[in-house]
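Report on the structure given below.
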Amino acid sequence: MYNYNQTLKPFGIWMDGHCSWLNSLEWDISPTEMKETNVTVIAAFHKVWKIHVTILQERLHQASHFDYTFTIKNHSNRDRVIKFVYHHNSNSNDEQVVSMVSSSEKTVMHYNGNKISLLATHFFQHENFHLAVGERGTIWNEKTGNLTLSPIWRGSQESMMVTELHMSKNEERVGRVWGVQGETEEDVQQAHFQRLEYNHLGFVAKQIL
């Protein structure tokens, strides 16, 4: 059976000093598996904030890669300033692990022995986003919804990405989070650019309309 709770665990919406994680009871969840397209669609609706999040998980051929496309819609009758939060934690605690933010590429890199992982996020409306590496309790301030400046971290493959969204009532935004893995930086960069160029706008519209 598909464990949609595990898929939702890394994602949260922050508003007014509180981060509501999508796997919490604050959300009504409706999962759908679309076998003919190798896509799982999970709809989540916040019962108080009237925020609707739809996550599309594409099952890739490489088990070590992942790609999520999501839409966020403000169903309330007022403008909202929210933050989309993604928390990555591979539960790998090793002093040899080094994690860092690549400011030039706007990605997160995790180095663990002969394995290199790259994480990236992108909103199609060019919103501001921030990246940091390290333990969530150290780098994340839930009250302000901000990340501490932390470009390098040793000992764990943990990182966070936070995107600020200014949304009018009934406005919808589309974004992505993806991760790739390889043995060299060239491998992960090549896979990263392939995902970056992939046309998910048409893909999303085709799935949710």
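The values are calculated or read from the model by the stated rules, or taken from the named source; none is laboratory data. Note that the coordinates shown come from a computational prediction; the quantities given were computed from them, not determined experimentally. Don't worry about glycine lacking a Cβ; one is built from the backbone with ideal geometry, like all the others, and counts go over all protein chains shown.
Only residues that are at pLDDT below 95 and outside any loop (DSSP other than H, G, I, E, B) were counted across segment 1-30, and they come to 6. For first residues located in segment 33-44 and under 15 Å from T69 (Cα atoms) and assigned to a strand (DSSP E or B), partners that are modelled with pLDDT of 90 or more and hydroxyl-bearing (S, T, Y) and lie 6+ apart or on another chain with Cβ distances below 7 Å form the pairs V41/T54; A43/S30; A43/T54. Cβ-Cβ contacts under 8 Å between residues 6 or more apart (or on different chains), taken from a first residue in segment 153-168 that is under 16 Å from I82 (Cβ atoms) to a second residue that is polar (S, T, N, Q) and assigned to a strand (DSSP E or B), are listed as M161/T121; V162/N146; T163/T121; M167/N74; S168/N74.
The set of residues in segment 153-181 that are within 23 Å of F45 (Cα to Cα), among the polar types (S, T, N, Q) and part of a strand (DSSP E or B) contains only T163.
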